[in-house]
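*Asks:* Here's a structure for you.
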Amino acid sequence: MARRTRTRRRGAVTAVLVAGAVTASLMAGCTTDDRPSDDGRGQTHSQSQSQSPDHSESPEPESVGPVLAVKIDNVRAARPQTGLDAADIVYAEQVEGGLSRLMAVYATRLPKAVGPVRSARESDLELLRQFDEPTLAFSGAQRKLLPLIDRAPLNAESPESAASGAYYRGTDKAAPHNLYLRPQRLIGAAPGSDALTTGFRYGAAPEGGTPEKSRTVRFPSARFTFTWSADRHGWLVSMDGTPTVATDGERVAAATVVVQYVKVRESRFHDVLGNNSPYTQSVGSGRAQVLRDRRTFDVEWRRGSATEGTDFTTADGTPVNFAKGQVWVVFATA
C-alpha cells in the first residue's frame, strides 16, 4: 500500500511539472568509485539529454512537504559539483575502497541543478529515517539493495522513475560523472526548515571550546579539510587536498562542521569487483566534535532510533547549538 501511495504522489507531481518539458529517457548506472558497475539499471541517454548544467539558482517559495536528499559523486572526476552550496546539510560517508560520497539535503532552497548524481548505499536508508517520507534522488544501487530501497519509507526517484526532464546528462564531464538533477521538476518547491527533523539546534555557541584554525578528517582513501575564514565567517571546505568550489567558482563554506565518530562495519553488499560496501551506523551514541565560530567543542552524540534525530550535548548534558547556515557532518570511524 505504501508503494502505491508513493506512486500516486509522484504521478500527481509529474502531471503538474512535466507540462512543457522535453520528453526524455535515460537510465543511469550505479558505481562504487570511478569504475562503473552493474546495478540492474542501464546507462543510455539520447543526444537531446546531453547539455551543460544550469548552475544558477532561483528562490523557491516554502511549502509543506518532504526534504530532498541527493546522493552526490565525490571523486576527482566529478568535481566541481553543482548545487552543493545550496544544501542545508551535507553528509560525508565512506564507500568502497575507502573513498567518499556525499548526501546533500535540501529544505530551505532548491538550486536549479544538482550533481553529479550517483548511487545509494544501505546505510542511507537508516540515515534518512529521521525525515518524514523524504525524497531520495539517486542513480541506482547494488542489485540486491534495490528491493530494500523500494520498501523503505521514502520516495525513491531514480532517472527511470522520475518525471521527464528531471534528470539529464551534462557535457562538461565524462559518464558516469555527468548525471544531473533539476530539483524543481522532482519536488516542485522547497519544503521549508520545518522539514529538517534532524534534532540540530541553532543559536549561541556554548561556553568554552578550543581555538581551531583548520581540521582534517581522513578516510582510508579520502580526506576532508575545514579551514576557518573570518571573511566568510565559516569553514572553507577542501576535499582530497583541493579547495571545494561550486560550479560558479565560489568556495563552499560551512557554518558548522560536525565530526561524528560512528561504527563503520561491513554490510552484506559488495561491488562488482567484490569490495564490501561499508555500512555507516548513524543510530547509537558516541563522541563528536562541533566546529563553529573558529572553535572546536568536544561533545557527545545520541540517536536513540532510526526515526529520531541526533542530539549533541556537552558532558553535563547541555544541548549544543549550531551556527545558522550550512552544516557538514563527516562520519569518521570510531
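The values are calculated or read from the model by the stated rules, or taken from the named source; none is laboratory data. Fair warning: this is a prediction, and the values are worked out from it, not measured in the lab. Reconstructed Cβ throughout: ideal geometry from the backbone, glycine too, with neighbour counts over all protein chains shown. For the accessible areas, the whole protein counts, side chains as well, though only heavy atoms, and no ligand, DNA or RNA atoms are used. Shrake-Rupley method; radii C 1.70, N 1.55, O 1.52, S 1.80 Å.
*Asks:* Check Leu128 against each of (1) more than 23 Å from Arg218 (Cα to Cα); (2) hydrophobic (A, V, I, L, M, F, W, C); (3) touching a residue at least 60 places away in the same chain (Cβ under 8 Å) and name the one condition it does not meet.
*Replies:* Condition not satisfied by Leu128: (3).
*Asks:* Moving on. I'd like to verify a number: residues in region 254-284 that are part of a loop (DSSP other than H, G, I, E, B) and under 21 Å from Phe219 (Cα atoms), how many?
*Replies:* The total comes to 6.
*Asks:* Okay, next question. Starting from region 143-155, take each residue that is more than 18 Å from Ile187 (Cβ to Cβ) and open to solvent by less than 10 Å² (accessible area, probe 1.4 Å) and list its partners that are modelled with pLDDT under 95 and among the basic types (Lys, Arg), counting only C-beta distances under 8 angstrom and pairs at least six apart or across chains.
*Replies:* Within 8 Å, the pairs are Leu145/Arg121.
*Asks:* Can you say whether Asp231 is modelled with pLDDT under 95 and outside any strand (DSSP E or B), as far as the supplied structure shows?
*Replies:* So Asp231 fails the test.
*Asks:* Here is a follow-up. How many residues, within region 285-329, are modelled with pLDDT of 95 or more, open to solvent by 70 Å² or more (accessible area, probe 1.4 Å) and not in a strand (DSSP E or B)?
*Replies:* Summing the residues that are modelled with pLDDT of 95 or more, open to solvent by 70 Å² or more (accessible area, probe 1.4 Å) and not in a strand (DSSP E or B) in region 285-329 gives 4.
*Asks:* Can you name every residue in region 111-123 that is open to solvent by less than 10 Å² (accessible area, probe 1.4 Å) and touching a Lys or Arg at 6+ places or on another chain (Cβ under 7 Å)?
*Replies:* The answer is Ala113, Pro116, Val117, Arg118, Ser119, Ala120.
*Asks:* Tell me which of these Ala253 doesn't satisfy, since it passes every other one: (1) touching a Phe, Trp or Tyr at 6+ places or on another chain (Cβ under 7 Å); (2) open to solvent by 30 Å² or more (accessible area, probe 1.4 Å).
*Replies:* Checking Ala253 against (1) touching a Phe, Trp or Tyr at 6+ places or on another chain (Cβ under 7 Å); (2) open to solvent by 30 Å² or more (accessible area, probe 1.4 Å), the one that fails is (2).
*Asks:* Right, another one. So, in region 130-157, how many residues would count as being under 20 Å from Ser277 (Cα atoms) and either of a type in the set (Ser, Thr, Tyr) or assigned to a loop (DSSP other than H, G, I, E, B) (or both)?
*Replies:* The number of residues fulfilling the criteria is 6.
*Asks:* Which of the residues spanning region 80-98 are of a type in the set (A, V, I, L, M, F, W, C) and either modelled with pLDDT under 95 or within 9 Å of the chain's Cα centre (by Cα) (or both)?
*Replies:* Leu84, Ala87, Ile89, Val90, Ala92, Val95, listed by residue number.
*Asks:* Out of all the residues in region 243-264, which are modelled with pLDDT under 95 and not aliphatic (A, V, I, L, M)?
*Replies:* Thr247, Asp248, Gly249, Glu250
*Asks:* Sort out which residues of region 208-222 are surrounded by 15 or more Cβ atoms within 10 Å (Cβ to Cβ) and either touching an Asp or Glu at 6+ places or on another chain (Cβ under 7 Å) or of a type in the set (S, T, N, Q) (or both), and write them in order of number.
*Replies:* Answer for region 208-222, where residues must be surrounded by 15 or more Cβ atoms within 10 Å (Cβ to Cβ) and either touching an Asp or Glu at 6+ places or on another chain (Cβ under 7 Å) or of a type in the set (S, T, N, Q) (or both): Ser221, Ala222.
*Asks:* Conditions first: (1) under 27 Å from Asp132 (Cα atoms); (2) in contact with a Pro (Cβ under 6 Å, 6 or more places away or on another chain). Tyr279 passes all but one, so which condition is the exception?
*Replies:* Status for Tyr279: all satisfied but (2).
*Asks:* In region 284-314, how many residues are among the aliphatic types (A, V, I, L, M) and in contact (Cβ under 8 Å) with a residue 40 or more places away in the chain?
*Replies:* The qualifying residues number 2.
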